[in-house]
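What follows is one structure encoded as structure tokens, with my remarks underneath.
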Amino acid sequence: MHATDLSVVIPVYNEEAGLAALFARLYPALDALGIGYEVIFVDDGSTDRSAAILREQFQRRPECTRVVLFNGNFGQHMAIMAGFEHCRGRRVVTLDADLQNPPEEIGRLLAEMDRGYDYVGTIRRQRKDGWLRRNASHWINRLRELTTRIKMTDQGCMLRAYDRAIIDAMRQTREANTFVPALAYTFAARPTEIEVEHEERAAGTSKYSLASLIRLNFDLMTGFSILPLRIFTFIGILISLLSALLVVYLAYRRLTQGPEVEGVFTLFGIAFFLIGVLLFGLGLMGEYVGRIYIQVRQRPRYLIQAVLESNEDSKARREA
């Protein structure tokens, strides 16, 4: 039995403009739950005053606040994994620091877990993002569903709740690149999803560009499925069969019609198409080989500069 009922893990990166608003809503929402909780902020190498503001918040509420400071920028999902390494709650909720997902919704996630679910995902109701971001996320979600067996309606929403058993399972993994909601889904016995409110950013700007989202989904697809490689294998087989038929057809034309030059540009077009397919296949294989290369180097996934916690928390963590 864990002394703490709930851990809330929040990755932070250059969020100084919105942290005060986050504190003002987060702590009252958690106090209203009437359970023991802790909030773990993980600063992902912020270059603004985020780390200093988190230090001040720790000094105000040291009994329920801990701060993990990275010595560089290692990414949102590595920050969440670091939070998992330091949390002690029986249930764990992840939340972004931008207040687009209201902290007041945490109670609803816990209510779903009381019904026996061990993983509660969320779907943003009436998203406040721009048209391009909404549609890009929609099609990326569809592509991910086609290439993996992971069922997530809204993979971009980080407001999620996890049972302790899932957290312990994820802590045993040592993947250099991962996608936390998808990794948790692979360990969940009874996952579910609920709709939650979605608000405009309280302050600052999104740290995810369209290119970042595409790169993240490359990691997701290559990290949780080999289906892209199998699809390309079938494409290669199909093109080989069509090429063999084309050779037979051209040989027949040569025997019946004699030498021809009119089809040379068609052959150039076919050759360029095949070269394009070949380069695409090399790039796809390169994604997988690159993941293997990063993994076998066994470099630290992140480096922690400092952990701000009370003496009691530090002692409990060493004993654990």
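The values are calculated or read from the model by the stated rules, or taken from the named source; none is laboratory data. Computed from a prediction, not measured in an experiment: that's the story for all the values here. With ideal geometry, Cβ positions are generated from the backbone for all residues, glycine too; neighbour counts draw on all protein chains shown. Please note that ligands, DNA and RNA were not included when accessible areas were found on the heavy atoms of the full protein model with its side chains. Shrake-Rupley method; radii C 1.70, N 1.55, O 1.52, S 1.80 Å.
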Open item on the list: Apply the a/c threshold of 1.5 to the C-alpha gyration tensor of region 1-46 and tell me whether it is rounded, prolate or oblate.
Closed with: oblate
- [ ] Please give the contour-minus-distance gain from E175 to Q126: 0.36 nm per residue of separation, less the Cα-Cα distance, rounded to one decimal in nm.
- [x] 14.3 nm
Open item on the list: Over all directions, how big on average is the projection of the convex hull of the alpha-carbon atoms in region 54-120, in square nanometres?
Closed with: 5.7
Task: Interatomic Cα distance distribution for region 149-189, bins of 5 angstrom, percent - done: 5, 21, 37, 24, 13, 1
Open item on the list: Please give me, ordered by residue number, the GluC sites (Glu not before Pro) of region 36-129 that lie in loop per DSSP and have at most 11 other Cβ atoms within 10 Å.
Closed with: E63
Task: Furthest towards positive pole of dipole, F41, C64, F23, structure part region 1-104, Cβ charges - done: C64
Task: Percent accessible area from carbon and sulfur atoms, region 1-83, protein chains only, probe 1.4 Å - done: 53
TODO: Provide the FRET efficiency to the nearest 0.05 for the I235-R115 pair, computing r from the beta carbons and using R0 = 41 Å.
DONE: 0.40
- [ ] State the Kirkwood hydrodynamic radius of region 1-90 in Å, one decimal place, computed from all pairs of distinct Cα atoms.
- [x] 13.2
